[in-house]
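Student: Structure in structure tokens, see below.
The values are calculated or read from the model by the stated rules, or taken from the named source; none is laboratory data. The model shown is predicted, which means the values in this text are computed figures rather than measured ones. Methodologically, a virtual Cβ is constructed for each residue, glycine included, from the backbone with ideal geometry; neighbour enumeration extends over all protein chains shown.
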Amino acid sequence: MQTSYKATGVLAACAAGAAVTSVLGNGSFWGGMLQHGFIAAAIGGLADWFAVTAIFRKPFGFISYRTEILVRNRPRIMQALTDFISKDLLSKENIMDTLRKQDFAEMLAAYLTQRGGRERIWKLVREFAECSSKRAELLKMVHPMEAMLKRELDGLDVEGFLRESLEVLKNEVLIERIAASFVPLLRETFTDESVQQEILTHIHLIKERYEEGAGSRSTVFEMANLTDEKLLDFLNSYAIDWLNTLEHGEGEARDRVIYLIGQMVSSALDNKTLFDNVRRKFHEKVDDLDFAGQAEGLVNSLAEDKFAEVLDALREFMDGWIDRLLNDREFRNTVNSWFLSMIEKGLAEKHMLISQMIEEQLSKLSDEELVEMAESRVADDLQMIRINGSLVGAFVGMGLYLLGQAVERVCG
């Protein structure tokens, strides 16, 4: 039996008891004590029913003064809940404290060795190499005369060339095309079932460790109905929408990518040390390079009949990097620090999205859905308040009756 039915049954029993004892009490001591107990229990139960009901809706369907507290104060409650989650439970400091306990390099190593990650990464590298090989004919434009090339390169305005190249990267159309070309691969990888399962696993681990810090955190997650699957759905929805808008060159994704690349380009353009180092290294490399041989070898290696050799070299490099990650603890620490620095930087820029996501999800709830959700979380406890109110009222009523009888006899 639901607790609400029990509470209503207790209230009805108290009202019936009050009615019966008022008729059958016949002025006896025990009858009077029971009558006062039942009356007080009915009053206490009815008062608590009114209070509990007023939190969620109008008692009797029409009493509106100071009732429907949840609905009337919805904006303030939602804002307080959003602020509590985003600024306390999911503050930047708390999130980073939790993430610093994670070994991302170890997670990457587990993905590479246990979930077929090595082959998936190789698939991406191979597709990128195949795409690049189609443009190998551009290298044939290099003049075969090495001496003339070196002379021309030595006289090249490296700083001016680099600045012009960086300015080209500010072209929004070019940025859109580059970003859009990578979206299908990113989408396929992100939506892969094993990748989704891996993300869900880590969401659960991170959420579990985060909830260990305070008991209230688990309660808030439950009240907001933020299960692991819903958090994954939020992440998937945001990521896919972001990739779709990026692919179509529109919305916040496009603007953000253009802004970030623009910021990086602007920072590079203002870095005098960068240009000095590039210019010095460039001239050193020009002096040392067998330019004609390098160009010819590169073109030949990217030709159709030599492409397998390029793939072998790429595979060897990739396997070497992965093996180093698996076997070199210091290298894993470096990779982990890089992950954390990137996450911290991204979190600083995107933390506001947490409150926005919470507000968006809560705003989707109608008043009825909000009431049902809140009531389902605390219904049993609130109904027990009604039952306890009737019990306390009964004891208070009988106690007052006994006190009145005692005073009456003493004062005679």
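Student: Exactly one condition in (1) surrounded by 12 or more Cβ atoms within 10 Å (Cβ to Cβ); (2) outside the structural domain of residue 38 (by TED's automatic domain parsing) is false for residue 396; which is it?
Tutor: (2)
Student: Let me ask you something else. Which condition from (1) farther than 30 Å from residue 82 by Cα; (2) free of Cβ contacts under 8 Å to residues at least 24 places away in the same chain; (3) not acidic (Asp, Glu) is the one that residue 314 breaks?
Tutor: Condition not satisfied by residue 314: (2).
Student: On to the next question. Within the range 97-118, can one find any residue that is closer than 21 Å to residue 357 by Cα, at pLDDT 80 or above and assigned to a helix (DSSP H, G or I)?
Tutor: Checked the range 97-118: at least one residue is closer than 21 Å to residue 357 by Cα, at pLDDT 80 or above and assigned to a helix (DSSP H, G or I).
Student: Hey, could you check the range 53-68 for residues that are surrounded by fewer than 14 Cβ atoms within 10 Å (Cβ to Cβ) and in a helix (DSSP H, G or I) and say which is modelled with the highest pLDDT?
Tutor: Checked the range 53-68; the qualifying residue modelled with the highest pLDDT is 60.
Student: Continuing with this model, one more query. Residue 373: among the aliphatic types (A, V, I, L, M), assigned by TED's automatic domain parsing to the domain that holds residue 235 and part of a helix (DSSP H, G or I), yes or no? Before you say what the answer is, go through the steps one by one.
Tutor: Values: among the aliphatic types (A, V, I, L, M): yes; assigned by TED's automatic domain parsing to the domain that holds residue 235: no; part of a helix (DSSP H, G or I): yes.
Answer is no for this residue.
Student: Test of understanding: among 156, 149, 138, which residue is assigned to a loop (DSSP other than H, G, I, E, B), modelled with pLDDT under 75 and out of contact with any Pro (no Cβ under 6 Å at 6 or more places or on another chain)? Write out each step before concluding.
Tutor: On the way: 149 fails: assigned to a loop (DSSP other than H, G, I, E, B); 138 fails: assigned to a loop (DSSP other than H, G, I, E, B).
Of 156, 149, 138, the one residue that is assigned to a loop (DSSP other than H, G, I, E, B), modelled with pLDDT under 75 and out of contact with any Pro (no Cβ under 6 Å at 6 or more places or on another chain) is 156.
Student: Right, here's the next one. Give 368, 359, 330, 316 a once-over and let me know the one that is at pLDDT below 80 and either part of a helix (DSSP H, G or I) or not acidic (Asp, Glu) (or both). Outline the logic, then answer.
Tutor: Working: 359 fails: at pLDDT below 80; 330 fails: at pLDDT below 80; 316 fails: at pLDDT below 80.
Exactly one residue qualifies, and that residue is 368.
Student: Another question about this same structure. Can you name the residue in the range 107-129 that is more than 16 Å from residue 336 (Cβ to Cβ) and among the small types (Gly, Ala, Ser) and, of all such residues, is surrounded by the fewest Cβ atoms within 10 Å (Cβ to Cβ)? Let's see the steps before the verdict.
Tutor: Restricting attention to the range 107-129, the residues satisfying the condition of being more than 16 Å from residue 336 (Cβ to Cβ) are 113-129.
When the remaining residues are screened for being among the small types (Gly, Ala, Ser), the result is 116-117, 129.
Values: 116: 12, 117: 18, 129: 16.
Within the range 107-129, the match that is surrounded by the fewest Cβ atoms within 10 Å (Cβ to Cβ) is 116.
Student: Is there a residue being under 30 Å from residue 154 (Cα atoms), at pLDDT 80 or above and exposed (fewer than 14 other Cβ atoms within 10 Å of the Cβ) anywhere in the range 278-285?
Tutor: Among the residues of the range 278-285, at least one is under 30 Å from residue 154 (Cα atoms), at pLDDT 80 or above and exposed (fewer than 14 other Cβ atoms within 10 Å of the Cβ), which makes the answer yes.
Student: Let me ask something else about it. Conditions first: (1) modelled with pLDDT of 80 or more; (2) of a type outside the set (Ser, Thr, Tyr); (3) over 29 Å from the mean Cα position of the chain (by Cα); (4) surrounded by fewer than 16 Cβ atoms within 10 Å (Cβ to Cβ). Residue 352 passes all but one, so which condition is the exception?
Tutor: (3)
Student: Restricting to the range 239-252, and then to whatever is in contact (Cβ under 8 Å) with a residue 12 or more places away in the chain and surrounded by 15 or more Cβ atoms within 10 Å (Cβ to Cβ), can you tell me which residue is farthest from residue 178 (Cα to Cα)?
Tutor: Residue satisfying both the conditions and the ranking: 239.
Student: Polar (S, T, N, Q) and at pLDDT 80 or above, is that true of residue 237?
Tutor: yes
Student: Continuing with the same structure: For the list (1) part of a helix (DSSP H, G or I); (2) surrounded by fewer than 18 Cβ atoms within 10 Å (Cβ to Cβ); (3) free of Cβ contacts under 8 Å to residues at least 24 places away in the same chain, I need the number of the one condition that residue 21 fails.
Tutor: The number of the failed condition is (2).
Rundown of residues vs (1) under 26 Å from residue 109 (Cα atoms); (2) touching a Gly at 6+ places or on another chain (Cβ under 8 Å); (3) modelled with pLDDT of 80 or more; (4) assigned to a helix (DSSP H, G or I), yes/no style:
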site: 197; (1), (2), (3), (4): yes, no, yes, yes
site: 201; (1), (2), (3), (4): yes, no, yes, yes
site: 204; (1), (2), (3), (4): yes, no, no, yes
site: 213; (1), (2), (3), (4): no, no, no, no
site: 222; (1), (2), (3), (4): no, no, no, yes
site: 255; (1), (2), (3), (4): no, no, no, yes
site: 261; (1), (2), (3), (4): no, no, no, yes
site: 265; (1), (2), (3), (4): no, no, no, yes
